[in-house]
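Worksheet: one structure, shown below.
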Number of protein chains: 2
Amino acid sequence: MTSVKESDLDNIRAELLKNVGKNIQRIREQKGLSQFDLITKMLGEFDVTNVSRIESGRNNPTLFTLYRIAKALDVSLPQLLDYSTTGK
Amino acid sequence: MTSVKESDLDNIRAELLKNVGKNIQRIREQKGLSQFDLITKMLGEFDVTNVSRIESGRNNPTLFTLYRIAKALDVSLPQLLDYSTTGK
DNA sequence: AACTATATTGCCATATATGGCAACCTAACC
DNA sequence: GGTTAGGTTGCCATATATGGCAATATAGTT
């Protein structure tokens, strides 16, 4: 077994995006911020629409996007992506 | 001061991509793997060309790409992105 | 010199993240 | 009822990550 079925790969991707998205949402809400509040704290421009898509796992955000979200939420990049401790 | 000059934003992005890229390269070489070895260990298909581009900071990888690289290198996603401890 | 392994760069095509806006949906108000 | 805040979804355009291959570079070895 060296390969992974394509559908499995899609499931792995979907789970990852959902887990990270939920983690972002959890941290944002812990800080008492709305999605709009978040984008106003982000470096540069960002569309609030995409926050919803990222938090719900519909988008596969880039490294730079994740970095700007982490900064806006006042957490480190590793913290933002560490969903293992929060009960997956 | 609420905004960031566009050139500053580009510099922040460039530095981030370079730091994470170097971290990936460092971990890969510590494990004694070539770029080709890395892609063969990654889930699904990945082009070796893009490993070079990511390690040199020319590409802004997606979350799923970072996840697959982390898995192939046998480190956690937070570890892969934690370049702060390694001397920036 | 030649050969091999590894990495970089360039080019083009495709897939998709993001920008931007409008419409819609709840829930909580008055 | 209406209004507001927050979030979602749909649509389209643009930017760019990735796929894929070829060419080049570079270092190591014989």
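The values are calculated or read from the model by the stated rules, or taken from the named source; none is laboratory data. Since we're looking at a predicted model, the values are computed, not measured. Virtual Cβ from ideal backbone geometry, glycine too; neighbours counted across all protein chains shown. SASA here: full protein model, heavy atoms, side chains in, ligands and nucleic acids out. Shrake-Rupley method; radii C 1.70, N 1.55, O 1.52, S 1.80 Å.
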Residue in the stretch A:28-41 that is under 20 Å from residue B:64 (Cα atoms), part of a helix (DSSP H, G or I) and touching a helix residue (DSSP H, G or I) at 6+ places or on another chain (Cβ under 7 Å) present: no
Top-ranked residue of the stretch A:10-52 - restricted to ones that are of a type in the set (Lys, Arg) and either more than 25 Å from residue B:42 (Cβ to Cβ) or in contact with a strand residue (DSSP E or B) (Cβ under 7 Å, 6 or more places away or on another chain) (or both), ranked as nearest to the other protein chains (Cβ to nearest Cβ): A:41
Qualifying residue in the stretch A:43-50 (condition: in a loop (DSSP other than H, G, I, E, B), of a type in the set (A, V, I, L, M, F, W, C) and at negative phi): yes
Residue check for residue A:18: in contact (Cβ under 8 Å) with a residue 24 or more places away in the chain, under 14 Å from residue B:64 (Cα atoms) and open to solvent by 30 Å² or more (accessible area, probe 1.4 Å): yes
Test: residue A:24 is open to solvent by less than 70 Å² (accessible area, probe 1.4 Å), within 13 Å of DNA strand C (Cβ to nearest atom), more than 12 Å from residue B:64 (Cβ to Cβ) and touching a residue at least 40 places away in the same chain (Cβ under 8 Å): yes
Test result for residue B:59, within 10 Å of the chain's Cα centre (by Cα) and not in a helix (DSSP H, G or I): yes
Of all residues in the stretch B:62-88 being of a type in the set (S, T, N, Q) and part of a helix (DSSP H, G or I), the one that is nearest to DNA strand D (Cβ to nearest atom): B:65
Criterion: facing chain A (nearest Cβ under 10 Å) and either open to solvent by 30 Å² or more (accessible area, probe 1.4 Å) or under 24 Å from residue A:54 (Cα atoms) (or both) - qualifying residue of B:7, B:76: B:76
Meets criteria (open to solvent by 80 Å² or more (accessible area, probe 1.4 Å) and within 30 Å of residue A:45 (Cα to Cα)) for residue B:68: no
Number of the condition not met by residue A:57 [criteria: (1) open to solvent by 30 Å² or more (accessible area, probe 1.4 Å); (2) farther than 26 Å from residue B:19 by Cβ]: (1)
